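Colleague: Pasting a structure here, questions to come.
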Amino acid sequence: DDTGVHIWRMAAYSRAIAENLGYSRDYCNLIELAAPMHDTGKIGIPDVVLKKPGKLDDAQWEIMKKHTEIGHGILSNSDTPLFELAAQIALRHHEKWDGSGYPDGLVGEDIPEAARIVAIADVFDALTMKRPYKEAWPVEDAVAEVKKCTGSHFDPRMVQAFHNVLPAIMNIRQRWNAKKEEIQKVT
């Protein structure tokens, strides 16, 4: 599947957004390295839930939501800056600006900025890729969805940064999709 390429694409998108927000080169490097670990906790989720071809029922959804805490538990075993940031992102990348996210329903700026950045990159990329439960969305529709979710799912400042770097994101997407095709030819 596309999961391997997804984590590298969304990591590069995260870096581009962080750069636009004015973060230092070192921090941008760190977020690009930490972002791919956002879903580490999915190793603790049964395949019957992860790969279900349809909508999850309520019990399955509760199981799926645990991946944030599982990932945080795994990644927080290291006190290096990279793993500290990765653990924070893993725990918080499904929090939403309006407080309707999980695991803790954090609101607005209570959500760490790195998690707010990764959330947009992750959702945008996930929307534009085929998954067992859905077809890939056209890029234009995914961009419109990110914009529509400004102030509810996403921090408006992060959405503005996403739009500012959209040409770079399209280049990143094209580059990683070409690498994916190269890999598929070899295997």
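Colleague: Using alpha-carbon pairs under 8 Å, 6+ residues apart, how would you state the relative contact order of segment 114-182 in percent? Intermediate values should be presented prior to the final figure.
Modeller: Details: 32 pairs, mean separation 19.5, N = 69.
Here the relative contact order equals 28 percent.
Colleague: Measuring with a 1.4 Å probe in the full set of protein chains, what accessible area per residue, in whole Å², belongs to segment 34-157?
Modeller: 49
Colleague: Determine the sum of side-chain charges near residue 104: Lys and Arg each +1, Asp and Glu each -1, restricted to other residues whose C-beta is under 12 angstrom from that of residue 104.
Modeller: 0
Colleague: Got a number for carbon plus sulfur as a percent of segment 65-187's accessible area, 1.4 Å probe? Can you show the working numbers first?
Modeller: Values: 3340 of 6330 Å².
It is 53 percent, rounded to a whole number.
Colleague: Assign one of three labels to the chain, namely rounded, prolate or oblate, based on the Cα gyration tensor with a ≥ b ≥ c the square roots of its eigenvalues; rounded applies when a/c is under 1.5, prolate when it is not and a/b is larger than b/c, and oblate otherwise. Kindly include the intermediate steps, with their values, before the conclusion.
Modeller: Working: a/c = 1.20, a/b = 1.02, b/c = 1.18.
It is rounded, given that a/c, with a ≥ b ≥ c, falls under 1.5.
Colleague: To continue, here is another question. Shape verdict for segment 44-118, please, from the Cα gyration tensor: rounded (a/c under 1.5), prolate (a/b greater than b/c) or oblate.
Modeller: Verdict is oblate for segment 44-118.
Colleague: Also, quick follow-up: Go through 55/180; 147/179; 130/179; 51/180 and tell me which ones have a Cα-Cα distance over 23 Å in this structure. Present the calculation step by step, with values, prior to reporting the outcome.
Modeller: Numbers: 55/180 27 Å; 147/179 28 Å; 130/179 17 Å; 51/180 21 Å.
Result: 55/180; 147/179 exceed 23 Å.
Colleague: Report relative contact order for the chain in percent, whole number only (criteria: Cα-Cα under 8 Å, sequence separation at least 6). Before the final figure, lay out each step's value.
Modeller: Working: 262 pairs, mean separation 45.3, N = 187.
Contact order relative to length: 24 percent.
Colleague: Give me the number: length gained by fully extending residue 166 to residue 52, i.e. 0.36 nm times residue separation minus the C-alpha to C-alpha distance, one decimal in nm.
Modeller: Going from the current span to full extension adds 37.9 nm.
Colleague: Now for a separate question. Under the rule a/c < 1.5 gives rounded, and otherwise a/b versus b/c splits prolate from oblate, where does segment 91-187 land using the Cα gyration tensor?
Modeller: prolate
Colleague: So what is the 222 nm mean residue ellipticity for the chain from helices alone, if each DSSP H run of at least 4 adds -39500 (n - 2.57) and you divide by all residues, rounding to the nearest 500 deg cm²/dmol? All intermediate terms of the calculation are to be shown ahead of the outcome.
Modeller: Values: 10 runs with 116 residues, N = 187.
So the helix-based figure for the chain works out to -19000 deg cm²/dmol.
Colleague: Under a 5 Å amide H to amide H cut-off, with H placed in plane at 1.01 Å, what residues pair with residue 137 once short-range neighbours are removed?
Modeller: HN-HN under 5 Å from residue 137: 128, 129.
Colleague: Work out from phi, with θ = phi - 60° and the Karplus expression 6.51 cos²θ - 1.76 cosθ + 1.60, the ³J(HN,Hα) of each residue of segment 84-97, listed in order in whole Hz, and give x for Gly and Pro.
Modeller: Going residue by residue, I get 5, 5, 4, 5, 4, 5, 4, 6, 10, 6, 10, 6, 10, 3 Hz, with x marking Gly and Pro.
The values are calculated or read from the model by the stated rules, or taken from the named source; none is laboratory data. Note that the structure is a prediction, hence the values are computed from the model and not measured. Note: ideal-geometry Cβ built from the backbone for every residue, glycine included; neighbour counts use all protein chains shown. Remember, those area values only see protein heavy atoms, side chains included, never the ligands or the DNA or RNA. Shrake-Rupley method; radii C 1.70, N 1.55, O 1.52, S 1.80 Å.
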